[in-house]
Amino acid sequence: ATINTIQRETGAVLDIQKRANEGSSTQTVTIKGNKVTVQKAALKLEEVLQYQAESNEVLTIDPKMMPLLIGKGGEEINRIRANTGAAIDAERDSDKPRLKIRGSAVAVALAKQAIADSIEANKVVGESVVLPWHAIDVLIGPNAAGLAKLESEFNVQIELPGQSLASDQVGSGTFLGISSSMSLRGRRKFVAAASAEIGRIAR
């Protein structure tokens, strides 16, 4: 949207290098047109690069959360950029990493909300879910293989009645009476997905 606006307002054509060269963190922008349109476009582009966009925000991020917000190969931050239209730069300072957001007021607001949602989804939480006794054999599986698979696939810890989360072997605790719930622990988005799968097994 930013590039299209610059082209429309100046009459120049901007061609952006698809990806940075190996070992480089920059990408080339080629501006085509007559002398006047090229100069106008260069000034507009410089305004964006100098963070003189309509709206700017700087968010300080928990150092433990920063890698999760960036994602593997930048997957998560790129998703937020694509969905919101905001430009987001990461400063990975070891003590106070920051995200610099710029763009239209709407895009920046959307990006801030998307970042907040991603942080919330990645918080470590514990949740109690209904223990489906009628499907306990399917849930646990032979030699607790079913529970181990759930923990592995959804990256959560599962605590059955009488079992400690500190146990290094799933299902190794002693059942203390009949309980109607089991505990899940992990990042909120993974806990939610695991809880949904347990519900599916119960149904």
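A few comments on the model shown:
- Value of [θ]222 nm, deg cm²/dmol, for the chain, DSSP H segments ≥ 4, -39500 (n - 2.57) each, nearest 500: -12500 deg cm²/dmol
- Dipole magnitude for the chain: computed about the Cα centre from +1 point charges on Lys and Arg Cβ and -1 point charges on Asp and Glu Cβ, it is near 640 debye.
- Calculated Rg and Dmax of the Cα atoms in Å (choose from (1) 15.6, 44; (2) 24.6, 83; (3) 17.8, 53), label: (2)
- Proximal lysine pairs, the chain, alpha carbons under 12 Å, eight or more residues apart or interchain: 5
- Accessible surface of the chain [probe 1.4 Å, protein heavy atoms]: carbon and sulfur percent: 50
- The angle separating the long axis of helix 105-121 from the principal Cα axis of greatest extent in the chain is about 20 degrees.
- The residue list ILE101, ALA135, GLN27 was ranked by how far each Cα lies along the charge dipole of the chain toward its positive end, using unit charges on Cβ atoms, and GLN27 comes out on top.
- Computed over region 1-104, relative contact order equals 23 percent, with contacts defined as Cα pairs under 8 Å that lie 6+ residues apart.
- Nearest-ten-degree value, helix 188-202 long axis tilted from longest Cα axis of the chain: 40
- Alpha-carbon centroids, region 1-50 and region 100-164: separation in whole Å: 42
- Look at the Cα gyration tensor of region 1-111: its axes a ≥ b ≥ c give a/c of at least 1.5 with a/b over b/c, and that counts as prolate.
The values are calculated or read from the model by the stated rules, or taken from the named source; none is laboratory data. What you are looking at is a predicted structure, and each value in this text was computed from that prediction instead of being measured. Don't worry about glycine lacking a Cβ; one is built from the backbone with ideal geometry, like all the others, and counts go over all protein chains shown. In case anyone asks, the SASA skips ligands and DNA or RNA and just uses the protein heavy atoms, side chains included. Shrake-Rupley method; radii C 1.70, N 1.55, O 1.52, S 1.80 Å.
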